[in-house]
Amino acid sequence: MFETNFSDIDYVIVAVYLTGVIAIGFFANRFISSVSTYVVGGRGAGLALNTASYIGTAFGMNEIMYASIDGFRMGFSYLIVALFAFMIPMFLGITGVVVRRLRELELTTLPEFFEHRYDKRVRVTAGIICVIAGTLNMGLFPKLGAIFITYTLGFADQNGDTELTVNLIMTGLIVLVLLYTIMGGMVSVIVTDYAQFVVLSIGVGVALFYCLSHPDIGWANMVDTWGQARGEAAFNPFHPDSYGWIFVVWMLCMGIFGSVTWAPEATRSLTSRDAETTQRTFLLGSAGSFVRLASPALIAIAAFTYFSNDSLLSSHFFPDGIAGEVQNAPHALPLILGKILPSGLIGILVAGFLSAFLSTHDSYILTWASIFVRDVVNPLRTQSLQDKQQIRIIRITVLCIGLFLLIWGVWYQLPDSVWTYLAVTGTVYISGAGIAVYGGIYWKRASSTGAFAALCGGLLAISALFIESLQVYFPQLTEAKLAFSNFVICACLFVGFSLLFPDRQDGVEEHE
Amino acid sequence: MSDVEAWANFWQILLMVVFTLFYGLVLFIIPFGFRDILTLFRELKAQSDTNDQ
């Protein structure tokens with residue numbers, strides 16, 4: 001049932017490609033001479049390279065997995081998230097709102113802004129919450145990657161215990177990521193992001209073409225199948241049986257605030273050569289932000305159509321019929337790619353995704369580790385750490401994060417919607433930090449106490465991870481309602497505390 | 001036209017427009033991105049040499 005077209009030639013392609021990418025990591029290591037080179041690539045990336053890196057950072061194995069899971073469960077409605085991912089960076093790129101100012105400040109990490117605009121207490125608080133939210137957020141990434149490998153390569157059929165196979169592959173992937181991250185830093189991230197951008201943008205386009213032109217799939221078939229299975233809810237995200245309007249507004253808030261505060265992507269506003277390049281990066285990257293979410297969702301929507309016509313696979317995915325609850329959604333995209341794509345092309349795509357897995361993890365882990373050292377450890381010391389000491393502590397932190405990922409990945413079970421899990425853990429930081437960044441730049445009366453209160457308010461979003469326990473007492477409560485109300489609470493805390501506890505006058509003048 | 005058809009058409013048009021924009025961008029990024037990599041390595045090497053001195 002789970003056999004795929006992955007063959008020996010594909011193994012060769014993957015091995016050659018990965019060796020090449022790791023060689024780039026070694027090569028890039030020669031250029032690490034300072035913290036700024038290690039963390040923001042020396043702020044030397046030009047427009048095309050920075051745009052490739054901006055898109056490449058968020059175009060990896062994890063992204064295609066979580067987008068495909070929701071595409072497989074919710075149909076075309078998921079494309080609303082991709083639409084926001086397109087419109088918001090485009091708006092930021094055209095207007096320069098926030099991103100231009102952040103680049104002009106020549107920051108190395110985003111929480112540095114909080115000390116620049118507010119005070120050290122706000123910076124350290126932002127750093128701690130950012131690292132907690134970020135590490136929790138990526139906690140499921142290695143498992144998603146391992147599931148992708150297991151089902152695309154056809155391992156699920158050959159071994160009775162798929163869970164053990166997934167965990168072994170996950171361990172191997174984490175070890176590879178740690179080696180790669182410790183070796184190269186941000187220079188190797190930027191360069192491999194470029195390679196994966198080229199391979200994946202072409203590879204995913206070809207995969208999409210294969211899916212949509214398959215005689216059993218096609219656009220008309222997809223629309224018909226989904227229309228019969230879910231009706232309007234498969235197409236209209238506002239429909240009560242789909243996401244609903246509160247979820248949509250929550251996603252809009254996530255896009256507006258997350259684009260400038262979610263460190264791995266927002267860091268691209270710091271790595272570019274100048275403020276103009278930053279703006280253009282966001283503008284040019286907007287189409288890529290759409291494609292990275294829409295293409296896997298579309299392949300999963302096609303997979304739903306394909307599997308609904310296959311009796312064996314239909315029982316695996318739709319035990320209650322196609323109108324019932326979907327099961328095993330994470331297996332859908334790797335299986336359809338493994339079954340539809342020819343040998344050779346799968347190898348190129350898997351190699352691209354493995355490379356993307358490396359650079360996404362590299363970028364994320366490096367970002368959280370550097371924030372921990374520069375925005376938590378360093379400000380709390382009386383004497384600043386030297387560059388070499390900082391790089392050494394960043395590398396130790398990278399190892400600790402890797403250990404956490406291994407433990408979390410083995411023990412934590414995948415939720416139905418990984419996307420919702422990611423959005424909830426992201427909200428913990430983004431809701432408070434986003435309001436404090438926008439407020440800090442555009443509202444003169446924003447105060448350090450207001451920013452501190454907003455950041456702490458963001459922690460309330462953690463409650464959404466325990467939604468099932470809360471629903472016992474409040475049956476109407478959903479993750480979307482809790483997370484969206486968290487943005488409102490943070491905004492109220494920020495405004496209220498800023499007005500009640502303004503900064504001293506000399507501080508305000510200095511900020512102006 | 002039913003609501004389902006209207007939404008399906010909306011998503012189809014959106015997908016076609018943005019995918020076309022994206023693949024236009026890919027044609028720009030592939031050659032110019034490679035040039036930027038060479039420039040980046042040159043600049044970082046110069047920085048590294050300065051630090052060594």
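Values in this text are rule-based calculations from the coordinates and carry no lab data. Everything numeric in this text was worked out from a predicted model, so none of it was measured. For neighbour counting, all protein chains shown are included, and Cβ atoms are generated from backbone atoms with ideal geometry for every residue, glycine included.
Once the Cα atoms are used to define both axes, helix A:162-184 deviates from the longest principal axis of chain A by about 40 degrees. Only lysines eight or more places from A:K388 in sequence, or on another chain, were considered; those with a Cα closer than 20 Å are B:K45.
In a reduced charge model with +1 at each Lys and Arg Cβ and -1 at each Asp and Glu Cβ, the stretch A:243-374 shows a dipole moment near 340 debye about its Cα centre. Remark: the stretch A:355-409 projects, on average over all directions, an area of 4.2 nm² (convex hull of Cα atoms). Taking Cα atoms only, the orientation of helix A:8-29 departs from the longest principal axis of chain A by about 10 degrees. Bridgeable lysines around A:K143 (alpha carbons under 26 Å apart, same-chain partners fewer than 8 residues away excluded): A:K339.
Extension gain, A:E3-A:V472: 0.36 nm per intervening residue step, less the Cα-Cα distance, totals 164.7 nm. Here the label points at A:R392 and A:L179, each 7 Å from Cα along the C-beta direction, are separated by 2.4 nm in the simple model. Distance from the C-alpha centroid of the stretch A:80-96 to that of the stretch B:13-39: 17 Å, rounded to the whole angstrom.
Per-residue Karplus couplings for the stretch B:16-26, computed as 6.51 cos²θ - 1.76 cosθ + 1.60 with θ equal to phi - 60°, are listed in order as 5, 5, 6, 5, 5, 4, 5, 6, x, 5, 4 Hz, Gly and Pro entered as x.
Compared with the dominant Cα axis of chain A, that is its longest principal axis, helix A:79-95 is turned about 30°. Listed by chain and number, the aspartates and glutamates whose alpha-carbon sits under 20 Å from that of A:K444, ignoring those within fewer than 8 places in the same chain, are A:E104, A:E112, A:E115, A:D119, A:D503, A:D506, A:E509, A:E510, A:E512.
What percent do you get for the relative contact order of chain A when only Cα pairs under 8 Å and 6+ apart count? Relative contact order here is 31 percent.
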